[in-house]
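Working notes, beginning with the structure itself.
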Amino acid sequence: MLPRVSALGPGSRQPCLARAARLASLGLGILAARAALPPTLPGTAPLTWEDDLSVRMVAGIERYLAAETTRVTEERATFWRQLPSDLAARDRFLAPLRLELARRLGAAGIASTPVALELVATTDQPARLAATDRFTVDLVRWNIPWETGPAVHGHGLLLRPVGPARARVIAIPDADQTPELICGLGAGLPPERQYARRLAEQGCVVIVPRLLDRNSTHSANAAIGRFTNQPHREFIYRQAFALGRHPIGLELGMLLAAGNWLAREPAGGSSPLGIAGWGEGGLLAFHAAAIDPRFSVVAVSGYFGPREDLATEPIYRNVFGLLRRFGDAEITRLILPRTLIIEPSRAPEIEGPPAPTSGPAARAGAAPGRIRTPAPADVDREVARARQLAGPEAARLLVSPPASDGAAFSEATLGQFLQRLDPGFRTLAPPGPIPQEMRANFNAADFQRTLVDDWSRHLQSLIAQSRDARHRALWQPAPKRDPEAWRLATPANRERFYGNVIGRLRAEALPLNPRTRPLPPAAAWTGYEVVLDVAPEVFAWGYLLFPRDLKAGERRPVVVAQHGLEGLPADLINEDSSSRAFAAYKAFATRLAERGFIVFAPHNPYRGDRFRERQRQAHPLGLTLFSFITAQHELLLDWLTTLPQVDPARIGFYGLSYGGTTALRVPALLERYAAVVCSGNFNEWVWKLCTTEWVGSYVFTKEYEMPEFNLGAAFNHAEMAGLIAPRPFMVERGHSDGVGTDEWVSFEYARVRRLYDHLRIPERTTIEYFDGPHTIHGVGSFEFLHRHLAWPVPGTGQRP
């Protein structure tokens, strides 16, 4: 049995009274219920918890994920101990890991084609921005050769030394720094800390890229009246994540393209290639060098340490599945034996996104997340792990002290960086003459608009391209001759969906340990509250309803009735017509029991705000909330099929809203669900997740947990329905339901209908439109369940 939780935060106060009030609102009393029914179902133990079980569930998931993070860190160490000592074997071991890291960062798909660096000038402004007796500064852009999507450019500055080049370097500022700042063209940074300028003065050809910043000025679509307080980096993350892209990956692509140009730059000759950055620039330099072995010397400032708390960092740093194989020590191993210099300088201190605003153009909805300078002891431990992994090559991992005030790129760090690039380098010269900016009225915000617009245009085009990718991945190769051929062709895609998108919990040899207690009986049913153990700290919970006319020895079909966001099992039996719960659910669990179905109403953990934090906590482990929900349903099915009243071959699923999200994912993975109704959710889901052209897009809302990484590559709602096929599948759609539009819902459903037609089973799928909002309709859906679960419609005595 799980340990008792004593303090579970808001919602847990006076739990017994709260639970009693909820059930009493149904017009019945707990004491009367427990007197009328046996205290437990046969074969179960008493359920004695009296706190808010929805809060307890999320708290248990939090503890599970904390323990899993520790376990994965230890498992990762075991994996990396396999690293061969033989150089050729080691390269073969590391090559797929580089590809995996690039894919997880959204940086896969950069073509190794020549890159053209263009001088950016207008009739009013030449490309040359400044010149001293040591170097020149030009405004440039370069093409980024993504294999898919429209052309997009990197933007930045090119610094050329006056004399021969000793090295070629990409110097990356933090996201909230302009390239001009570290080149000496802007106020706010002492000359000795202007590291791009210092490198150019020492004879390096330097490209300084412009990054998306953390302001929210352009995180909006004014044409449709949608504004957010999301940092620009998050705004692009929201559009990118479900498409297998990421702001980190997009900017890595920009850096790798710049590296392509530098590698062929004639003035650089055969000089080595280096990369250096601070803050977000340090993150990018670190990962670029791990992916691209051409960078022979790497300097990372203000970014190095343990990643086990990645979920607390801003969401634009969220990397799905990263911790399964990589912490900073392991990424270091992808760089060595090239030189890596770690400077534990002060990180950019970020407390969260820009503050929300109110009014006609209100901005809100950004995800929480902060950046803090790691404790020196934590950095030391990660460095020690990296050195242990590196073995003899640890000598190439250097730790350089930051400036005395903690600032980035001290004299010592710059000196080591240059000396490793050019062994002939001896002394770092002091800063030279201050470069004079030639532009008038320079405004960095104008460049941010260009960056946001360019990346948005690129990502928006990928929405349509993802449909072709899904067609090639699932529809084109699968046989559509007959239902059995289709069924036999789906396991590989089902495993891909489970393993790559949803994430599978580790198998646990736990007994179900069912605990039950009576629910207040109703006119049409009697029932029990049920809890089952799923994994350490994780349990399933719900209400089981038996129709009153159920006869001894009779086996009946079951409908699993799933609530939506902020819901509870009690909402599905709530008969108070003035309540919000009744407006949404119409007590459809009760209506199904009245029709003779056994009903189970499970609780899903999407209630309150903390479940979104659990999604963040799960992502670095390659898990999602649906990893837990699917495991809960799998063990729920195990238990239901042991009940003598249940026909295991006739278990259906009916869910509204977030319960409709569940209806598409869980039955797609668990084939024991014999018929499925998705209400108030079916959509062109990838479009809804990523588009900036519709007011209801998740790009603009607070539901930052919604995107699943790289979903668009293989699985939209039609493909999820394809994994349910050839089992019966239905969509329930209200014309006024704001979760989508009839046009896009119909567009996506047409592919489902086409599949069932090709399989010659058109009678197994349907869509019902009704004139109503986001609610259970309970007309065609009930008839659908009667037909496909083979249970008589009340009053007819006949099975449809």
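Some values worked out for this structure:
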read-out: Conditions (1) in contact with a strand residue (DSSP E or B) (Cβ under 6 Å, 6 or more places away or on another chain); (2) surrounded by fewer than 19 Cβ atoms within 10 Å (Cβ to Cβ); number of the one not met by F597; value: (2)
read-out: Unmet requirement for E768, which otherwise passes all of (1) open to solvent by less than 40 Å² (accessible area, probe 1.4 Å); (2) closer than 20 Å to F653 by Cα; (3) part of a helix (DSSP H, G or I); (4) charged (D, E, K, R); value: (3)
read-out: Options A35, A67, A45: the member that is more than 25 Å from the chain's Cα centre (by Cα), on the phi < 0 side of the Ramachandran plot and at pLDDT 95 or above; value: A45
read-out: Unmet requirement for A429, which otherwise passes all of (1) open to solvent by less than 60 Å² (accessible area, probe 1.4 Å); (2) under 18 Å from P173 (Cα atoms); value: (2)
read-out: Among the candidates A285, A276, A311, A289, residue that is surrounded by fewer than 24 Cβ atoms within 10 Å (Cβ to Cβ) and not acidic (D, E); value: A311
read-out: Members of the stretch 175-191 that are touching a Leu at 6+ places or on another chain (Cβ under 9 Å) and either in a helix (DSSP H, G or I) or closer than 24 Å to L250 by Cβ (or both); value: A175, D176, Q177, T178, P179, E180, L181, I182, C183
read-out: Count of the stretch 337-349 residues which are in contact (Cβ under 8 Å) with a residue 60 or more places away in the chain and crowded, with 19+ Cβ neighbours inside 10 Å; value: 6
read-out: Enumerated helices (runs of 4 or more DSSP H) restricted to the stretch 580-697, each holding at least 2 residues that are among the polar types (S, T, N, Q) and at pLDDT 95 or above; value: 610-618, 625-640, 658-669
read-out: Every pair of residues 6+ apart whose Cβ atoms lie under 7 Å, when the first sits in the stretch 719-730 and is open to solvent by 10 Å² or more (accessible area, probe 1.4 Å) while the second is part of a loop (DSSP other than H, G, I, E, B); value: P726/L759; P726/I761; R727/A674
read-out: Options L323, L336: the member that is at pLDDT 95 or above and over 23 Å from the mean Cα position of the chain (by Cα); value: L336
read-out: Any pair with Cβ under 7 angstrom, 6 or more apart, that starts in the stretch 385-401 at a residue that is closer than 20 Å to S301 by Cα and ends at one that is open to solvent by 70 Å² or more (accessible area, probe 1.4 Å); value: A394/R387; L397/R387
read-out: Hits in the stretch 184-209 (condition: crowded, with 24+ Cβ neighbours inside 10 Å, closer than 14 Å to W278 by Cα and in contact (Cβ under 8 Å) with a residue 60 or more places away in the chain); value: Q194, Y195
read-out: Cβ-Cβ under 8 Å pairs, at least 6 apart or on other chains, the stretch 678-698 side within 19 Å of R457 (Cα to Cα) and among the small types (G, A, S), far side surrounded by fewer than 20 Cβ atoms within 10 Å (Cβ to Cβ) and at pLDDT below 95; value: none
read-out: Every residue from the stretch 513-540 that is open to solvent by less than 20 Å² (accessible area, probe 1.4 Å), in a strand (DSSP E or B) and more than 21 Å from E68 (Cβ to Cβ); value: R515, T516, R517, P518, W525, G527, Y528, E529, V530, V531
read-out: Per-region count, the stretch 427-482, residues touching a helix residue (DSSP H, G or I) at 6+ places or on another chain (Cβ under 7 Å) and free of Cβ contacts under 8 Å to residues at least 12 places away in the same chain; value: 1
read-out: Those residues of the stretch 432-466 which are surrounded by 18 or more Cβ atoms within 10 Å (Cβ to Cβ), within 30 Å of L711 (Cβ to Cβ) and not aliphatic (A, V, I, L, M), in sequence order; value: Q448, D454, W455, S456, H458, Q460, S466
read-out: Output for the stretch 40-59, where each listed residue is crowded, with 19+ Cβ neighbours inside 10 Å, assigned to a loop (DSSP other than H, G, I, E, B) and in contact with a strand residue (DSSP E or B) (Cβ under 8 Å, 6 or more places away or on another chain); value: L41, T44, L47, W49
read-out: Residue check, S781 surrounded by 16 or more Cβ atoms within 10 Å (Cβ to Cβ), closer than 19 Å to G564 by Cβ and hydroxyl-bearing (S, T, Y); value: yes
read-out: Only listed residue being small (G, A, S) and closer than 19 Å to I434 by Cα, chosen from A127, A111, A167; value: A127
read-out: Condition met for A151 (assigned to a loop (DSSP other than H, G, I, E, B), open to solvent by 40 Å² or more (accessible area, probe 1.4 Å) and touching a His at 6+ places or on another chain (Cβ under 9 Å)); value: yes
read-out: Members of the stretch 154-174 that are part of a strand (DSSP E or B) and among the small types (G, A, S); value: G154, G156, A167, A171
read-out: Pairs where the first residue, in the stretch 489-510, is open to solvent by 70 Å² or more (accessible area, probe 1.4 Å) and the second is of a type outside the set (D, E, K, R), C-beta under 6 Å, 6+ apart; value: R504/Y498
read-out: Complete set of residues in the stretch 402-422 that are open to solvent by 70 Å² or more (accessible area, probe 1.4 Å) and either at pLDDT 95 or above or of a type in the set (D, E, K, R) (or both); value: D405, E411, Q419, R420
read-out: Looking only at the stretch 67-87, and only at residues there that are in a helix (DSSP H, G or I), open to solvent by 50 Å² or more (accessible area, probe 1.4 Å) and out of contact with any Asp or Glu (no Cβ under 9 Å at 6 or more places or on another chain), the one that is farthest from R324 (Cα to Cα); value: L87
read-out: Qualifying residues in the stretch 154-183 (those that are more than 13 Å from R210 (Cβ to Cβ) and either aromatic (F, W, Y) or out of contact with any helix residue (DSSP H, G or I) (no Cβ under 9 Å at 6 or more places or on another chain) (or both)) - the one most open to solvent (accessible area, probe 1.4 Å); value: V162
read-out: Hits in the stretch 210-242 (condition: surrounded by fewer than 24 Cβ atoms within 10 Å (Cβ to Cβ) and part of a strand (DSSP E or B)); value: A220, N221, R226, F227
read-out: In the stretch 741-761, the residues that are open to solvent by less than 10 Å² (accessible area, probe 1.4 Å), free of Cβ contacts under 8 Å to residues at least 60 places away in the same chain and under 27 Å from the mean Cα position of the chain (by Cα); value: V752
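Quick grid of which residues meet (1) modelled with pLDDT of 95 or more; (2) on the phi < 0 side of the Ramachandran plot; (3) over 33 Å from the mean Cα position of the chain (by Cα):
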| site | (1), (2), (3) |
| --- | --- |
| N500 | yes, yes, no |
| R504 | yes, yes, no |
| L510 | no, yes, no |
| L519 | yes, yes, yes |
| Y543 | yes, yes, no |
| E554 | yes, yes, yes |
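The values are calculated or read from the model by the stated rules, or taken from the named source; none is laboratory data. Only a predicted model underlies this, so the values are computations on that prediction, with no experimental measurement involved. Cβ sites come from the backbone with ideal geometry, for glycine too, and all protein chains shown count toward neighbours. Protein only, heavy atoms only, side chains kept; ligands, DNA and RNA dropped before computing areas. Shrake-Rupley method; radii C 1.70, N 1.55, O 1.52, S 1.80 Å.
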